[in-house]
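S.K.: Mind having a look at this structure? Questions to follow.
The values are calculated or read from the model by the stated rules, or taken from the named source; none is laboratory data. Predicted model only: the values in this text are computed from it and were never measured. When we count neighbours, we look across all protein chains shown, and the Cβ atoms used for this are built from the backbone with ideal geometry, even at glycine. With ligands, DNA and RNA removed, areas are computed over all heavy atoms of the protein, side chains included. Shrake-Rupley method; radii C 1.70, N 1.55, O 1.52, S 1.80 Å.
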Amino acid sequence: MSAGHFHIFWKCMKITPYWAKVIETVNQLMVLRLRKEDKYLLHILQAATADYVVFAFMLAVSAAIGVYYAWTDRALRSSDDFLTAGRRLTALPVSLSLTASFMSAITVLSNPAEVYRYGASIVFYGLSYVLTMVITSEVFLPVFYRLAITSTYEYLELRFSRITRLLGTLLFIVQTILYTGIVIYTPALALSQVTGMDLWSAVISTGVVCTFYCTMGGLKAVVWTDVFQVGVMLAGFLSVIIRCVVLKGGVGPIISDSHQGGRLDFWDFDPNPLKRHTFWTVTFGGTFVWVSIYGINQAQVQRYISCKSIAHAKLSLFINLIGLWCILLSSVFAGMCLYSVYKNCDPWTAGMISAPDQLMPYLVMDILGDYPGLPGLFVAAAYSGSLSTVSSSINALAAVTVEDLIKPHMRVSDKKLSFISKILSFLYGTLCIGMAGLASLMGGILQATISIFGIIGGPLLGLFSLGIICPFANSKGALSGLVSGLVVSLWVGIGAQIFPAPSYLSRPLSLTAEGCNLTTSDSFNWTSTALPAHIGNIATSPAQLDRDRNLLADNWYSLSYLYFSPIGTIITILVGLFISLVTGGWKHKVDSRLTLVKRDTTLFCIFKALKDRLMSGKPDVAQTKEKHGNANPAFCNIELDYMKCNTPT
């Protein structure tokens, strides 16, 4: 094909700006007849093409899964089949989907940067994960699974009132759309500024592919796509880690560098709630955050109630725990690799990047740039995180809209509901892409939006906890508690944005650029016109900040961000209990299906099994108790009833 043919081909095809550059480059190479000096340019072209092939393969497989399940399940036309996969899923795929749902690209990019800047204290999230799975499986899962509800917020109407359900649904929809837009845009911005990938091509392709397979295949497609994407995420991390280990001559030097740089000094048991990260803030505060995700968030609840039995549902949570540990440990070690490579030349301090979230993409291009396809694998890993989170959110948004806003007000057949669910998936996908465009205009508000979104989960967790654990909580107490918790958590969250905690509480670790070989001393960033955040903040003097601060800012607003969720939860429960008792909640009669009962807990089942085993070996329990003179008539009655039920007739 001649160079002229390439020119005509480009004029005819409507493709991304990147491919325009690829074709232009190939055109130039053919015109120049591949002179020797052009061989390096050809190598770059081949490497970039390989990266895009890997990235495109990940998107193609994700879309193909949606097509496959749309075809195989074409005879299943009910909304229940579309939104909950007919409740026929098994533990393993659900567990991997649970892992992928909230392990977004923000995790892939931000966790290593967190370790690089603040140390490896986030490894204590591993303990909060354990507590989260135990609480979720013992408290929330039995109730939701027993009721067989599609929308989590349907429970709020059954337990309290319709207005409580609508308020919970509204909060969920708003926070999920905001969060999903940010999940699409943030990694695209970080990766495009470092790798050269076109920003909006990445944003739109991510949103379109997610919307496509969610609309085509429903929850089953989302779950199995998540399984594939978890593997891609781990492969991306491993490619970076293995290359760093080879460069540094083993794991030992990386651990040694991290220890000498203070990145492994994370054994801080200071109970001060103002410190950003300690053992208590990460473990205790992190547990509240993750319980609000796994215990009550529609995206997660919708997965484990789609299992074919409650045993599979509980097992999926604990298998998911292994996946969470793997991703957490991979991201922490990737952060240690980051520090080991750049301990003497911090790219952020030197102005080579404009934000800490660009550190991982910068490292990838630095150490893997000569290996065609591997940078593309990491990009695919980052976007796999985005795809899994966005698809989960779209499916959850469609579910709550159908169950909470359409079904209670319209009489529609299952076939029409299935069609409506698909239309809603498409509309929410489009809305999330639009939200990503709005996120690009937010600037400094973006960080505040992420914080406020996280704060909403605390009051919602308190609301569900009131209903499940406290039988005497009524609708008046629930509404009062939810509003109070939301107001207080927003108050502290917004105040923290206006008056950021001083550095001695956040305690960023030292970074240096002394070892950098820069051509110009005043060069900031070759990827962006924006200045590094820590340089841009010099405009406001410390003296001015000190004058603006007050006693409230130094204490209340300086609270660790991980305590925002516990505050919202505790305030909601306390106010809800008080108002419920004052308004006669102690007379309130609640259906036992709507609250946690002792037979739901694993501890009770273990106790009963042990009791059955012990009792089966005793020939005459009644005579034994009479002989020993047990003075507890209640215990005797239970035991006699038990023997009566198990005696052959």
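S.K.: Please work out if Arg159 is of a type in the set (D, E, K, R) and surrounded by 23 or more Cβ atoms within 10 Å (Cβ to Cβ).
M.R.: Numbers: of a type in the set (D, E, K, R): yes; surrounded by 23 or more Cβ atoms within 10 Å (Cβ to Cβ): yes.
Judged against the criteria, Arg159 is a match.
Yes/no matrix, rows are residues, columns are (1) modelled with pLDDT of 90 or more; (2) touching a Cys at 6+ places or on another chain (Cβ under 8 Å); (3) basic (Lys, Arg):
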{"residue": "Val245", "(1), (2), (3)": "yes, yes, no"}
{"residue": "Gly252", "(1), (2), (3)": "yes, no, no"}
{"residue": "Ser256", "(1), (2), (3)": "yes, no, no"}
{"residue": "Asp265", "(1), (2), (3)": "no, no, no"}
{"residue": "Pro273", "(1), (2), (3)": "no, no, no"}
{"residue": "Arg276", "(1), (2), (3)": "no, no, yes"}
{"residue": "Trp280", "(1), (2), (3)": "yes, no, no"}
{"residue": "Gly285", "(1), (2), (3)": "no, no, no"}
{"residue": "Phe288", "(1), (2), (3)": "yes, no, no"}
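S.K.: Considering Lys598, Lys611, which residue is open to solvent by 100 Å² or more (accessible area, probe 1.4 Å) and at pLDDT below 85?
M.R.: Every option except Lys598 fails the conditions.
S.K.: Picking from Ser256, Ser309, Ser239, which residue would you name as being of a type in the set (Ser, Thr, Tyr) and surrounded by 16 or more Cβ atoms within 10 Å (Cβ to Cβ)?
M.R.: Numbers: Ser256 fails: surrounded by 16 or more Cβ atoms within 10 Å (Cβ to Cβ); Ser309 fails: surrounded by 16 or more Cβ atoms within 10 Å (Cβ to Cβ).
Being of a type in the set (Ser, Thr, Tyr) and surrounded by 16 or more Cβ atoms within 10 Å (Cβ to Cβ) holds for just one of Ser256, Ser309, Ser239, which is Ser239.
S.K.: What are the residue pairs meeting all of these: first residue in the stretch 337-353, first residue touching a residue at least 60 places away in the same chain (Cβ under 8 Å), second residue charged (D, E, K, R), Cβ atoms under 6 Å, and 6 or more apart or on different chains?
M.R.: Close Cβ pairs satisfying both conditions: Tyr339/Arg263; Ser340/Lys248; Ser340/Asp257; Lys343/Asp257.
S.K.: Criterion first (free of Cβ contacts under 8 Å to residues at least 60 places away in the same chain and part of a helix (DSSP H, G or I)) does Trp290 satisfy it?
M.R.: So Trp290 fails the test.
S.K.: Scan the stretch 335-354 for residues that are crowded, with 24+ Cβ neighbours inside 10 Å and outside any loop (DSSP other than H, G, I, E, B) and jot them down.
M.R.: Gly335, Met336, Cys337, Leu338, Tyr339, Tyr342
S.K.: Out of Ile571, Ile638, which single residue is at pLDDT 55 or above and either closer than 22 Å to Ile468 by Cα or part of a helix (DSSP H, G or I) (or both)?
M.R.: Unique residue meeting the criteria: Ile571.
S.K.: Of these, Leu315, Leu397, Leu368, which one is open to solvent by 10 Å² or more (accessible area, probe 1.4 Å) and in contact with a helix residue (DSSP H, G or I) (Cβ under 6 Å, 6 or more places away or on another chain)? First the steps, then the outcome.
M.R.: Numbers: Leu397 fails: open to solvent by 10 Å² or more (accessible area, probe 1.4 Å); Leu368 fails: open to solvent by 10 Å² or more (accessible area, probe 1.4 Å).
Leu315 is the lone residue from the list that is open to solvent by 10 Å² or more (accessible area, probe 1.4 Å) and in contact with a helix residue (DSSP H, G or I) (Cβ under 6 Å, 6 or more places away or on another chain).
S.K.: Determine, yes or no, whether Arg303 is of a type outside the set (A, V, I, L, M, F, W, C), touching a residue at least 60 places away in the same chain (Cβ under 8 Å) and open to solvent by 50 Å² or more (accessible area, probe 1.4 Å).
M.R.: no
S.K.: Any idea which of (1) modelled with pLDDT under 75; (2) surrounded by 14 or more Cβ atoms within 10 Å (Cβ to Cβ); (3) within 26 Å of Gly119 (Cα to Cα) is the one Leu545 doesn't satisfy?
M.R.: Result: Leu545 fails condition (3) only.
S.K.: Looking at Thr136, Thr150, Thr180, Thr132, can you tell me which residue is part of a loop (DSSP other than H, G, I, E, B) and open to solvent by less than 30 Å² (accessible area, probe 1.4 Å)?
M.R.: Criteria check complete, one pass: Thr150.
S.K.: From Leu247, Leu317, Leu274, which residue is out of contact with any strand residue (DSSP E or B) (no Cβ under 7 Å at 6 or more places or on another chain), in a loop (DSSP other than H, G, I, E, B) and not basic (Lys, Arg)?
M.R.: Leu274
S.K.: Can you name the residue in the stretch 155-210 that is closer than 30 Å to Asp51 by Cβ and of a type in the set (Phe, Trp, Tyr) and is also modelled with the highest pLDDT among such residues?
M.R.: Tyr179
S.K.: Suppose we keep only residues that are open to solvent by less than 40 Å² (accessible area, probe 1.4 Å) and assigned to a loop (DSSP other than H, G, I, E, B) within the stretch 458-505. Which one would you say is farthest from Leu581 (Cα to Cα)?
M.R.: Step by step, filter the stretch 458-505, then rank; the result is Pro502.
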